[in-house]
Amino acid sequence: MLTTLVASCCVLASATVEPTPAEMAEAMKPPKEMAVLQSMVGKFKANMGYFWGINESKGTSSMSNQMILNGRYLQCMVDYTETTMGTQSGLLLMTYDAKAKQFRGDWRDSTTGTVLQMSGPGDKNGFTATSEFAEDPMMGGRMQVVAKYEFKPKGVIHFRLDMRAEADQSKWMKLMEGDYTRTK
């Protein structure tokens with residue numbers, strides 16, 4: 001019995017197929033879906049509407065985006081200025097998770113130490129990324145956000161950010177909205 005078991009294991013081990021170097025190199029390439037994010041590479045500016053409270057305020061935003069880590073990630077550096085909050089900065093790292101068949105990203109900004117992990121679908125027209133609920137001290141509790149990027153003609157990216165509180169999941173609030181225009 002033990003001899004049969006050992007022999008079976010040896011047969012299975014010898015039947016394991018090792019990938020060739022060419023197959024490993026192909027597997028290490030960024031997935032083809034990363035091409036969707038190529039529309040975001042460059043420098044952009046926007047006039048934004050901010051909706052922190054009851055009244056809308058106006059401001060500006062700029063994005064400087066590049067592919068990093070051999071095209072595996074899109075790095076977005078964002079600065080936004082609004083009358084009540086002044087200038088804030090943020091960093092978004094986006095990639096495509098081929099196994100989950102969705103885009104995934106991490107958002108960090110200068111207003112909090114919270115890292116928002118976001119994911120969602122996308123195609124040549126843009127993508128939507130939704131976070132899990134996370135603590136947001138500035139907003140007074142656990143919040144969830146949805147970021148929508150819509151690719152429009154002439155390199156314009158329409159951006160909208162909505163948020164809802166965990167305590168009242170039925171009510172989404174618009175936080176930011178504007179059109180980013182390519183400058184480079």
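The values are calculated or read from the model by the stated rules, or taken from the named source; none is laboratory data. The shown structure was predicted, so the numbers you read here are calculated from the model rather than taken from an experiment. Quick reminder, even Gly has a Cβ in these numbers, built from the backbone with ideal geometry, and neighbours come from all protein chains shown.
Wholly within the stretch 14-88, which strands (runs of 3 or more DSSP E) include no fewer than the required count, namely at least 1 residues that are touching a Pro at 6+ places or on another chain (Cβ under 9 Å)?
57-68, 73-82
Before we move on, is Val36 β-branched (Val, Ile, Thr) and modelled with pLDDT of 95 or more? It would help to see each step written out before you state the result.
Working: β-branched (Val, Ile, Thr): yes; modelled with pLDDT of 95 or more: no.
No; evaluated as a whole, the condition is false for this residue.
Determine, yes or no, whether Ala25 is of a type in the set (A, V, I, L, M, F, W, C), free of Cβ contacts under 8 Å to residues at least 40 places away in the same chain and surrounded by fewer than 15 Cβ atoms within 10 Å (Cβ to Cβ).
Details: of a type in the set (A, V, I, L, M, F, W, C): yes; free of Cβ contacts under 8 Å to residues at least 40 places away in the same chain: yes; surrounded by fewer than 15 Cβ atoms within 10 Å (Cβ to Cβ): yes.
It is true that Ala25 is of a type in the set (A, V, I, L, M, F, W, C), free of Cβ contacts under 8 Å to residues at least 40 places away in the same chain and surrounded by fewer than 15 Cβ atoms within 10 Å (Cβ to Cβ).
Val11 versus (1) surrounded by fewer than 16 Cβ atoms within 10 Å (Cβ to Cβ); (2) of a type outside the set (Gly, Ala, Ser); (3) modelled with pLDDT of 95 or more: which is the lone unmet condition?
Against the list (1) surrounded by fewer than 16 Cβ atoms within 10 Å (Cβ to Cβ); (2) of a type outside the set (Gly, Ala, Ser); (3) modelled with pLDDT of 95 or more, Val11 comes up short only on (3).
Do you know which of the residues in the stretch 48-71 that are closer than 30 Å to Lys32 by Cβ and touching a Lys or Arg at 6+ places or on another chain (Cβ under 9 Å) is surrounded by the fewest Cβ atoms within 10 Å (Cβ to Cβ)? If you could, list the steps in order and put the result at the bottom.
Of the stretch 48-71, the ones closer than 30 Å to Lys32 by Cβ are 61-71.
Subset that is touching a Lys or Arg at 6+ places or on another chain (Cβ under 9 Å): 61-65, 70-71.
Details: Ser61: 21, Ser62: 16, Met63: 22, Ser64: 15, Asn65: 22, Asn70: 9, Gly71: 15.
It comes out as Asn70.
For the stretch 27-86, give me each residue that is more than 29 Å from Met173 (Cβ to Cβ) and hydrophobic (A, V, I, L, M, F, W, C).
Listed by number, the residues that qualify are Ala27, Met28, Met34, Ala35, Val41, Met67, Ile68, Leu69.
Listed here are the residues, each with its yes/no results for (1) acidic (Asp, Glu); (2) modelled with pLDDT of 95 or more.
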site: Tyr73; (1), (2): no, yes
site: Thr87; (1), (2): no, no
site: Asp123; (1), (2): yes, no
site: Met138; (1), (2): no, no
site: Arg142; (1), (2): no, no
site: Lys154; (1), (2): no, no
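Restricting attention to strands (runs of 3 or more DSSP E) lying wholly within the stretch 92-149, give those where 1 or more residues are touching a helix residue (DSSP H, G or I) at 6+ places or on another chain (Cβ under 7 Å). Break it down stepwise before answering.
Working: elements: 102-109, 112-120, 126-131, 134-136.
Filter on the stretch 92-149 gives 112-120, 126-131.
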